[in-house]
Amino acid sequence: QVQLVESGGGLVQAGGSLRLSCAASGTTFEINAMGWYLQAPGKQRVLVASITKGGSTNYADSVKGRFTISRDSAKNTVYLQMNSLKPEDTAVYYCWVSGRFDYWGRGTQVTVSS
């Protein structure tokens with residue numbers, strides 16, 4: 001099993017930046033892709049960004065050019081650098097990794113005030 005612990009959420013003004021981190025532990029040898037999803041109140045969880053073991057990245061159209069995902073395989077950690085934040089980015093952000101199963105973190109709240 002893989003356990004995920006997120007950090008870095010918080011309250012920021014529009015135009016500001018936050019960096020999310022997610023550290024994986026446990027059976028980390030099984031991890032392939034890593035990424036971040038968000039879930040706004042009353043809405044479905046949607047992909048924000050993902051990164052494969054080889055470093056290929058994928059972004060939601062809404063965050064392209066503003067968010068950057070990166071990965072430190074030695075530390076089993078994935079990061080999400082979020083710049084030029086907008087109020088519509090407000091959501092709970094969940095760390096996700098794929099291995100034998102899909103694993104999820106507990107989520108971290110990101111609130112962007114206008």
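Here, each number is a calculation from the coordinates, and none is a lab measurement. Predicted, not measured: the structure shown is a model, and the values here were computed from it. Cβ coordinates were reconstructed from backbone atoms using ideal geometry, including for glycine residues, and neighbour counts include every protein chain displayed.
A few notes on this one:
- Dipole in debye (nearest 20) - the chain, about Cα centre, beta carbon charges: Lys, Arg +1; Asp, Glu -1: 60 debye
- Ordering of 20-27, 7-14 by burial proxy (mean other Cβ atoms within 10 Å per residue, highest first): 20-27, 7-14
- Partner lysines for residue 86 [C-alpha distance under 23 Å; skip if fewer than 8 residues away on the same chain]: 43, 64
- Built from the Cα atoms of region 11-64, the convex hull projects on average onto 5.4 nm², one quarter of its surface area.
- Projected label distance in nm at residue 102 and residue 70, using a 7 Å step from Cα toward the beta-carbon: 2.8 nm
- Fully extended contour minus Cα-Cα distance, from residue 32 to residue 11, at 0.36 nm per residue: 4.5 nm
- Once the Cα-Cα distance is subtracted from the 0.36 nm per residue extended length, the residue 62 to residue 86 segment shows a gain of 7.6 nm.
- Size-normalised alpha-carbon gyration radius of the chain, reference 2.2 N^0.38 Å: 1.00
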